[in-house]
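The values are calculated or read from the model by the stated rules, or taken from the named source; none is laboratory data. Bear in mind that the values here come from a model prediction, so they are computed numbers and not experimental data. Don't worry about glycine lacking a Cβ; one is built from the backbone with ideal geometry, like all the others, and counts go over all protein chains shown.
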Amino acid sequence: MSIFEYVTGWLLVLVLLAMLLVTPLVITHNRTLRDHGADCWWCHPRLLPHKRR
Ligand SMILES: [Zn+2]
């Protein structure tokens, strides 16, 4: 075995876990369209710096 294979396997596991965690959120978000507003970080991502208000 090699370290590259080890790292690649862990990356795959992490990606799969991330998808499993995100998919339900996306599904529920797409099915419920009424609980959204300015506070919904999904509709209004706050990860980006504020360019304008
Ligand atoms: Zn939303």
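For the range 24-38, how many residues meet the condition of being part of a loop (DSSP other than H, G, I, E, B), of a type in the set (D, E, K, R) and more than 9 Å from the ligand (Cβ to nearest atom)?
1
Can you spot a residue in the range 7-23 that is away from the ligand (no atom under 16 Å from the Cβ), assigned to a helix (DSSP H, G or I), at pLDDT 80 or above and loosely packed, with under 10 Cβ neighbours inside 10 Å? Quick ask: steps written out before the conclusion?
To start, the set of residues in the range 7-23 that are away from the ligand (no atom under 16 Å from the Cβ) comprises 7-21.
Cutting the leftovers down to assigned to a helix (DSSP H, G or I) gives us 7-21.
Narrowing further to those that are at pLDDT 80 or above: 7-21.
If we keep only those that are loosely packed, with under 10 Cβ neighbours inside 10 Å too, we end up with 20-21.
Yes; the residues of the range 7-23 include at least one that is away from the ligand (no atom under 16 Å from the Cβ), assigned to a helix (DSSP H, G or I), at pLDDT 80 or above and loosely packed, with under 10 Cβ neighbours inside 10 Å.
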